[in-house]
Amino acid sequence: MVHRRLGIPERFPVVLLLLFSPFLPHFLHAQSSLLIENSPAGISSQVDQFCSTFRERRRDKTAMERLRGSFLLPDPDAWFNGHFEPDDAKRLASEYTEWSKGFMDEWLKAMAEVGIKRMTASPVPLPPSSLSRFANAPALKGAAEFQVSRLCLLARGNRGSCFSVVLVYEGGSFRIVGFRGFPFWAKPRVLEINQQGIDTQIRRVSVPAIPYPSLAVQTGISGVVEMTGLLDVGGSIGNLTILSGHPLLVQSALDSVRLVQLQPVVVEQEPVLVVLKIKVSFVRFQEPTVTFAPVN
């Protein structure tokens, strides 16, 4: 046997296995994270790994640094040089480093704040041509496959938030290159148009039940919470700003609207952002309701 010729005790491999067995799960997890297939199921698998690592090892600085990198371009210079002209590529690679750091900081902060229990990912159906052209953006030099996915952070009760990201498949994983359904280098159209021009396109996909705060019920408080928000390309509503509403009703309204999903708005084959006015009505002895209307 080889180990005998080298003077290695027969049981040495067994001893090594026992010594390193505590580290095997982490090693296998690191290896499995490289086996992400280029499909919607692959995105969900990567998101599941991201969420479980955050829950189990968020105090481990090394694990968190790897976690941050799992959704970022491993070599921004190479990727941008392969898809843009040299002048644009150099600038965008530098901007990506700053943008992605800020984005990941906000993402991990949001996960910590909601006390995340799980995270889901779902692809956003958009016309094929809509992801190949972006307003006021440098032209792509080569073909690039972008995917938009809606990510939802979910906690106990009605807390959580949803947002849309733009992904590219690179180096065996999905990498984030944009937010709200647009690459970070694009400047999307933001529509503030009259209701007649777009109300037929505002369609509900999923609206969670809105809880009536128990203290408001006990004290007989009712009323309407008004806010504005930005409907993104993934159908999520962000940038929520409260306009009016009773303090006991505001948090329930915010938590519920953050989990709403509407149909993305596409105008002439181009995805657009839409500014909405949102009203959440709390009426005693009735289920709370919510309405959405484009800002006039």
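All of the numbers you see were taken from the coordinates with simple rules; none came from a lab. If you're wondering where the values come from, they're calculated on a predicted model, not measured in any experiment. No Cβ is skipped: glycine too gets one built from the backbone with ideal geometry, and neighbour counts run over all protein chains shown.
Quick notes
- Sorting C162, C152 by the number of Cβ atoms found within 10 Å of their own Cβ, with the fewest placed first, yields C152, C162.
- Each of K61 and E268 was given a label point 7 Å from its Cα along the Cα-to-Cβ line. The distance between the two points is 5.3 nm.
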